[in-house]
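Before any comments, here is the structure.
The values are calculated or read from the model by the stated rules, or taken from the named source; none is laboratory data. Only a predicted model underlies this, so the values are computations on that prediction, with no experimental measurement involved. Note that each Cβ is placed from the backbone with ideal geometry, even for glycine, and that neighbours are counted across all protein chains shown. Heads up: the accessible areas ignore ligands, DNA and RNA and are worked out on the full protein's heavy atoms, side chains in. Shrake-Rupley method; radii C 1.70, N 1.55, O 1.52, S 1.80 Å.
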Amino acid sequence: MKMIAVFSLKDRLKHIGHLDLMRAMQRALRRSGLPVSYSQGFNPHILLSFAAPLSVGMEGEREVMEVPLSAPVSPEEFIRRINEALPPLVRCLSARQVEDSHPAPMSQLGAAQFDITPRESAEALLAAVPGFLAQESIPAMRKSKKGMVPVDLRPLIYNLRVQGGRLEALLALHPSGTCKPDLMMQALSEFAGLPEPALYDICRTALLTERFAPLEDA
Amino acid sequence: MDTQKLAAIDRLLSRVEKPARYIGGEMNTQVKPRGKDTAAFAFCFPDTYEVAMSHLGLKILYDILNRQPDMLCERVMMPWHDMADHLRREDIPLFSLETRTALHEFDLVGFTLQYEMSFTNILEMLSLGGIALRGDERGQDEPIVIAGGPCAFNPEPLSAFIDCFVIGDAETAIVEVTRCVKQLRLAGAARVDILYALLQIEGCYVPSLYEASYHEDGTLQGFAPLREGVPATVRKRIEMDLDEASFPESIPVPYTEIVHDRISLEIMRGCTRGCRFCQAGMLYRPVRERSPEKLLALAEKLVAATGYEEISLSSLSSGDYGQLAELVRGLMDRFAKDRVSVSLPSMRVDSLVKQTLEETRAVKKSGLTLAPEAATQRLRDVINKGVTEQDILRSVSDAFQSGWSNVKLYFMIGLPTETDEDLEAFADLARLVTGAYFAVPREQRAPGLRVTMSAATFVPKPLTPFQWAAQDALPEIKRKQALLRTALRPVKGVQFNWHEPELSVLEACVARGDRRMGEVIYAAWQRGCRLDGWREHFKFDVWLEAFAACGLDPDFYAARERGERELLPWDFIDAGVTRQYLWLERERAMAGTVTPDCRDGCEGCGLRRFDGVCVP
């Protein structure tokens, strides 16, 4: 069996990288004494996968991971024991037990929701949103293994709205197309006529399926 | 720090390389409330986070200070150049990881001196931390700046910048020093009176209470206390019983990858082998072991507290630990099921036990590292590395037969009495090692032979039998490196590594520097030198400018043979081993005479003058 767990990562911990988080989670699992599974080979490591890596600098409100277990554990016990072992700025919020054959959360990903708070030029950015979205296409350059490639962000921005002084963005996160929030903010800054891309704080608030259902329920 | 600056730090972190270096909040770090009576200690490591967090001493002292109800200890490390520049530009003081408290707000600021080439980082950290660089410029409310660690055994190059050095084992001393400083600060004592009080604590050296004078030729003429009641010699502190000495049961677990990301269990302190180039071997005498029972109990707690997957047994010469096989077996039995591996670094070639090798391989596969130091028996006898060619070949054969194909061999070049014949012998030894691999039947050996031979440049260090020796001058070092490259190129399966010789020359200057060397360090820092230990930041030409500006010659410090009677800047430090014994060892070195391990009989190094030391 395996556990699909939702966790949050806050505050200073936004500065750690994906591999750092992976290590921290594996060590927390080891401290917790939960019946985890190990990989084979000379340097066995705990099997664990995150639905989507969180970029450095980004907080996560409802991140999703999958933890294969070697013995049954109730979701309540899983949550209690892992939270005792985790650093305070990472919290497990919920967990769901599924069969081994259950599809991996990563394979069900379709979109992600972000809260973006500009640190500067907020008014200009927020005012530019309607015009920004009215464009037929939003050309940008995306980094890929083959170098920089052109991409049209417009169809990948499912929703972008102003909420108080913040932006709420619903962006594609899928093998067939992904809009990284920094690319969108760069394009928005440019559209708003800012000389340089605006700085902002960002939190990924939800991971969703292609049908915009919470990923952890898929 | 005010909220505006705290917010600025947060913004900075999004702009610097590896921000995880600066965030704190790692598992098992301590955030203690600071009351008026709390002694606040900033443990400063003058290198980057990755190096600092790999250092066992930091974890031991961090734990000890935070266990005291009336003390707190927070960590401060050398920021990378991008962060340092941002801090300076935005006028944000260097801060502690735990609570982002400015360095100058602590009661004590303590540096650990592990490496001479980190000394400019100390100036950079003091400067960034808002603390006057020189002890005599510090105001009443500024922290007392202390320093310890192996490089404190020649404290003179830093004497202008450090208020008080703590010489020797610090477990007990650091608590005494911290309590003394805090009590006197609370009582409103003047700085000079605090320093005078520190002097009463064994192992403490207060440089401002001494004066040095020089001969015309630049050598030291005199060194003496400035006032009555100041001792003429400073004796190092020793923790006699390691089972009694404090060792952490829980250590911080970094998020970001560090150099040694594992549990380090100190099984033993000190080494009796008596290698004549080795400063640690002289400084950390006598040999003291932790009991296997104590170590197993510590390992149990540390694994539970950290979730680490590897335990490394640490000491100067782990193969000499009395009950190594029992200890390794005990750790294996206990932890194999939890997939915790055990590794044994710094094994001497002659102490390698085939069985131990096989046991460690049972859990994790790692390479084999040996340090023959010199390629001929003659030169190994000179340096008292009691290892024969047979020992080396037996060790690598065992390793190859046990399934290793990756062997690292460490050497030094420029050792006293070295000739080109000693260097040419590298290739012969390399061929013997690769031959040992090919002697193992193909189906039994692991594929992919890789023999790495690294040659460091010999740096004569204080308080060793070679403290009087000249280092090779730079062109000679370069010639020898080229000779080795040529000799080793045709040997199949061998890779040759060497170090930047300029760095070793400077290390030699600073290691045996006097008070005037402090001015060179200052001048180099003023000209922008910092992070010198990092190749991309090391500016040899700027250091040479700094020497010139101070009217000093690097060759005087590095490449000069000292006479038997010359007063050495660190002669007032009593490190246990006497100057007479060191000279005797030097004479034996020149004669190529070996001194046996003193476990088999006292050689009279001087440690027995200390109460309770080396008594069976």
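Residues that are open to solvent by less than 40 Å² (accessible area, probe 1.4 Å), of a type in the set (Gly, Ala, Ser) and either within 17 Å of A:Ala51 (Cβ to Cβ) or not in a loop (DSSP other than H, G, I, E, B) (or both) within segment A:163-212 comprise A:Ala169, A:Ala172, A:Gly177, A:Ala187, A:Ser189, A:Ala206, listed in sequence order. Put simply, of B:Ala84, B:Ala40 the only residue that is open to solvent by less than 10 Å² (accessible area, probe 1.4 Å) and closer than 30 Å to B:Leu242 by Cα is B:Ala40. Hey, among B:Arg530, B:Arg565, B:Arg516, which residue is assigned to a loop (DSSP other than H, G, I, E, B), touching a residue at least 40 places away in the same chain (Cβ under 8 Å) and open to solvent by 10 Å² or more (accessible area, probe 1.4 Å)? The match here is B:Arg530. Against the test of being surrounded by fewer than 21 Cβ atoms within 10 Å (Cβ to Cβ) and outside the structural domain of B:Leu313 (by TED's automatic domain parsing), the options B:Arg75, B:Arg34 yield a single qualifying residue, B:Arg34. Taking B:Phe247 as the residue in question, decide whether it is aromatic (Phe, Trp, Tyr), under 30 Å from B:Glu26 (Cα atoms) and open to solvent by less than 50 Å² (accessible area, probe 1.4 Å). It is true that B:Phe247 is aromatic (Phe, Trp, Tyr), under 30 Å from B:Glu26 (Cα atoms) and open to solvent by less than 50 Å² (accessible area, probe 1.4 Å). Residues in segment A:65-82 that are touching a residue at least 40 places away in the same chain (Cβ under 8 Å), away from chain B (no Cβ under 14 Å) and within 29 Å of B:Glu310 (Cβ to Cβ): A:Met65, A:Glu66, A:Val67, A:Pro68, A:Leu69, A:Val73, A:Phe78, A:Ile79.
Which of the residues that make up segment B:578-605 are more than 30 Å from B:Leu474 (Cβ to Cβ) and either among the hydroxyl-bearing types (Ser, Thr, Tyr) or open to solvent by less than 10 Å² (accessible area, probe 1.4 Å) (or both)? Spell out how you get there, then give the answer.
Let us first name the residues in segment B:578-605 that are more than 30 Å from B:Leu474 (Cβ to Cβ), namely B:578, B:580-581, B:584, B:593-605.
B:Thr578, B:Tyr581, B:Thr593, B:Thr595 - these are the residues of segment B:578-605 that are more than 30 Å from B:Leu474 (Cβ to Cβ) and either among the hydroxyl-bearing types (Ser, Thr, Tyr) or open to solvent by less than 10 Å² (accessible area, probe 1.4 Å) (or both).
Considered as a group, the residues in segment A:32-64 that are hydroxyl-bearing (Ser, Thr, Tyr) and within 12 Å of another protein chain (Cβ to nearest Cβ) include one that is nearest to the chain's Cα centre (by Cα), and that residue is A:Ser55. Scanning segment A:90-109 for any residue that is within 13 Å of chain B (Cβ to nearest Cβ) and not polar (S, T, N, Q) turns up at least one such residue.
Among the residues making up segment A:11-22, those that are within 9 Å of chain B (Cβ to nearest Cβ) and open to solvent by 40 Å² or more (accessible area, probe 1.4 Å) are A:Asp11, A:Arg12, A:Leu19.
So that you can scan it fast, the table gives a plain yes or no per residue for (1) without any contact (Cβ under 8 Å) to a residue 24 or more places away in the chain; (2) assigned to a loop (DSSP other than H, G, I, E, B); (3) surrounded by fewer than 16 Cβ atoms within 10 Å (Cβ to Cβ):
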| residue | (1), (2), (3) |
| --- | --- |
| B:Lys182 | no, no, no |
| B:Asp193 | yes, no, yes |
| B:Ile201 | no, yes, no |
| B:Glu216 | yes, yes, yes |
| B:Glu228 | yes, yes, yes |
| B:Asp243 | no, yes, yes |
| B:His260 | no, yes, no |
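In segment B:17-120, counting only helices (runs of 4 or more DSSP H) that sit wholly within it, the ones holding 2 or more residues that are farther than 26 Å from B:Glu249 by Cα and away from chain A (no Cβ under 14 Å) span B:81-89. Among the candidates B:Val340, B:Val303, B:Val259, B:Val253, the residue that is within 14 Å of another protein chain (Cβ to nearest Cβ) and at pLDDT below 95 is uniquely B:Val340. Taken over segment B:15-38, the criterion of being touching a Leu at 6+ places or on another chain (Cβ under 7 Å) and over 28 Å from B:Asp532 (Cβ atoms) is satisfied by B:Gly25, B:Lys32, B:Arg34, B:Asp37, B:Thr38. Is it the case, given these coordinates, that A:Leu29 is more than 10 Å from chain B (Cβ to nearest Cβ) and closer than 16 Å to A:Met3 by Cα? It is false that A:Leu29 is more than 10 Å from chain B (Cβ to nearest Cβ) and closer than 16 Å to A:Met3 by Cα. Screening the candidates A:Ser49, A:Ser74, A:Ser8, A:Ser32 for the property of being among the polar types (S, T, N, Q), loosely packed, with under 14 Cβ neighbours inside 10 Å and at pLDDT 95 or above yields one hit, A:Ser74.
Every condition in (1) touching a strand residue (DSSP E or B) at 6+ places or on another chain (Cβ under 8 Å); (2) not assigned by TED's automatic domain parsing to the domain that holds B:Leu126 is met by B:Gly222 except one, and the failing one is (2). Scanning segment B:207-234 for residues that are of a type in the set (A, V, I, L, M) and out of contact with any Asp or Glu (no Cβ under 7 Å at 6 or more places or on another chain), we see that the one that is nearest to B:Leu552 (Cα to Cα) is B:Leu209.
Applying the set (1) more than 14 Å from B:Ile573 (Cβ to Cβ); (2) of a type in the set (Gly, Ala, Ser); (3) not in a loop (DSSP other than H, G, I, E, B) to B:Ala152 leaves exactly one unmet item: (1). Only residues that are in contact with a strand residue (DSSP E or B) (Cβ under 9 Å, 6 or more places away or on another chain), assigned to a loop (DSSP other than H, G, I, E, B) and in contact (Cβ under 8 Å) with a residue 24 or more places away in the chain were counted in segment A:1-50, giving 7. Scanning segment A:124-135 for residues that are touching a Gly at 6+ places or on another chain (Cβ under 9 Å) and either within 12 Å of A:Gly165 (Cβ to Cβ) or open to solvent by 30 Å² or more (accessible area, probe 1.4 Å) (or both) yields A:Ala124, A:Leu126.
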